[in-house]
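Peer 1: Just passing along the structure, written as structure tokens.
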Amino acid sequence: MSILEAIIYGILQGLGEFLPISSTAHITLAPWFFGWKDPGLAFDIALHLGTLAAVIIFFWRDWVDLIRAGLTNTKSPEGKLFWYIVLACVPGGILGLIFEEHVETTFRNPLLIGIMLIVMGFVIYLADRYSQAEIELMDIGPVRSFLIGVSQALAMIPGVSRSGITMAAGRTMKIKREDAARFTFLLSTPFIFLSGVYKAKDLISVPVDPLPFVVAILTSAVVGIFSIRFLLEYLRRKGFGVFAVYRLVLGAAVVATALLR
């Protein structure tokens, strides 16, 4: 893999992991569009290490407070939020293990990805456009947390987007736009970490070219940090409309290309 390809993959991962546009869709479509070789499992883990670093760097103070409260003061708002995040991880983790094989094979179909980009474009827009904003981050509660975790399982299908589906679920349950995004990013931290650890077991016999590997990690980390900052600021003022339009345009292009091929 060239350094340029590693940088492009890093940018796609850093943007797609946190913006509601699906990083897996973009990482899958890039070699399909440009005729590149599949980057493989090792590179996929490298990209996720970068976005894991991004979310930890951005939210490290939040995580220190959450972990401390979760272990020592479970009745405090931060303590409750810590366990809400843990609860939300359960359904996605279980379903991820069950459907792992389909996720890595059947679901990585360009036509399916294009369709899901379009469908989720409408879902994200409608969930945000017609939902009220009443619930703040500390008031999410166990039921909403669990349901957001269930919705996160749908992100196994490329084109859905983990951040997109969880934020849409949050908005449907009347969580304020920025708080839905913040909960999504906090939830992504353990999920990305556990997913990377689980996949790492298959890396023992896989040769790795260190330079593109490191470049991809650094690029996705830097771009990821800017993506988180941008989205949290952007959602204070505007909704998901621009992301919905982007998904519709890209999805239509993917479907058309798949059918023509």
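The values are calculated or read from the model by the stated rules, or taken from the named source; none is laboratory data. This one's a predicted model, so the numbers in the text were calculated from it and none came from an experiment. With ideal geometry, Cβ positions are generated from the backbone for all residues, glycine too; neighbour counts draw on all protein chains shown.
Peer 1: How many residues are crowded, with 19+ Cβ neighbours inside 10 Å and assigned to a helix (DSSP H, G or I) when one looks only at the range 221-236?
Peer 2: Qualifying residue count for the region: 7.
Peer 1: If you check every pair at least six apart or on different chains, which have Cβ atoms under 7 Å apart with a residue in the range 109-127 that is under 21 Å from ALA169 (Cβ atoms) first and a residue that is of a type in the set (Ser, Thr, Tyr) and assigned to a helix (DSSP H, G or I) second?
Peer 2: ILE113/THR28; ALA127/THR172
Peer 1: Ok, one more. If a residue must be surrounded by 13 or more Cβ atoms within 10 Å (Cβ to Cβ) and part of a loop (DSSP other than H, G, I, E, B), how many such residues does the range 121-135 contain?
Peer 2: The total comes to 2.
Peer 1: Right, here's the next one. Looking at the range 165-194 only, could you name the residues that are among the polar types (S, T, N, Q) and over 17 Å from LEU154 (Cα atoms)?
Peer 2: THR189
Peer 1: State all residues of the range 200-212 that are at pLDDT 85 or above and either surrounded by fewer than 16 Cβ atoms within 10 Å (Cβ to Cβ) or under 20 Å from the mean Cα position of the chain (by Cα) (or both); if no residue qualifies, say none.
Peer 2: LEU211
Peer 1: I'm trying to understand the selection: among the residues of the range 30-51, which are in a helix (DSSP H, G or I), under 25 Å from SER188 (Cα atoms) and in contact with a helix residue (DSSP H, G or I) (Cβ under 8 Å, 6 or more places away or on another chain)?
Peer 2: ALA30, LEU41, ALA42, PHE43, ASP44, ILE45, ALA46, LEU47, HIS48, LEU49, GLY50, THR51
Peer 1: Could you please give the count of residues in the range 20-33 that are touching a residue at least 24 places away in the same chain (Cβ under 8 Å) and either crowded, with 22+ Cβ neighbours inside 10 Å or under 17 Å from LEU154 (Cβ atoms) (or both)?
Peer 2: Here the count works out to 8.
Peer 1: Considering LEU12, LEU52, LEU71, which residue is farther than 21 Å from VAL119 by Cα, modelled with pLDDT of 90 or more and crowded, with 20+ Cβ neighbours inside 10 Å?
Peer 2: LEU52
Peer 1: Let me ask something else. Residues in the range 62-82: is at least one touching a helix residue (DSSP H, G or I) at 6+ places or on another chain (Cβ under 8 Å), small (Gly, Ala, Ser), free of Cβ contacts under 8 Å to residues at least 24 places away in the same chain and outside any helix (DSSP H, G or I)?
Peer 2: yes
Peer 1: Here are some residues: GLY159, GLY196, GLY251, GLY224. Which one is in contact with a Leu (Cβ under 9 Å, 6 or more places away or on another chain), within 23 Å of LEU87 (Cβ to Cβ) and not hydroxyl-bearing (Ser, Thr, Tyr)?
Peer 2: Selected residue: GLY196, the only one of GLY159, GLY196, GLY251, GLY224 that is in contact with a Leu (Cβ under 9 Å, 6 or more places away or on another chain), within 23 Å of LEU87 (Cβ to Cβ) and not hydroxyl-bearing (Ser, Thr, Tyr).
Peer 1: Looking at the structure I just gave you, is LEU95 closer than 30 Å to LEU248 by Cβ and within 20 Å of the chain's Cα centre (by Cα)?
Peer 2: So LEU95 fits the description; yes.
Listed here are the residues, each with its yes/no results for (1) in a helix (DSSP H, G or I); (2) more than 20 Å from LEU248 (Cβ to Cβ).
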residue: MET138; (1), (2): yes, yes
residue: ARG144; (1), (2): yes, yes
residue: GLY149; (1), (2): yes, yes
residue: ALA155; (1), (2): yes, no
residue: VAL160; (1), (2): no, no
residue: SER163; (1), (2): yes, no
residue: ALA168; (1), (2): yes, no
residue: ARG171; (1), (2): yes, no
residue: ASP179; (1), (2): yes, yes
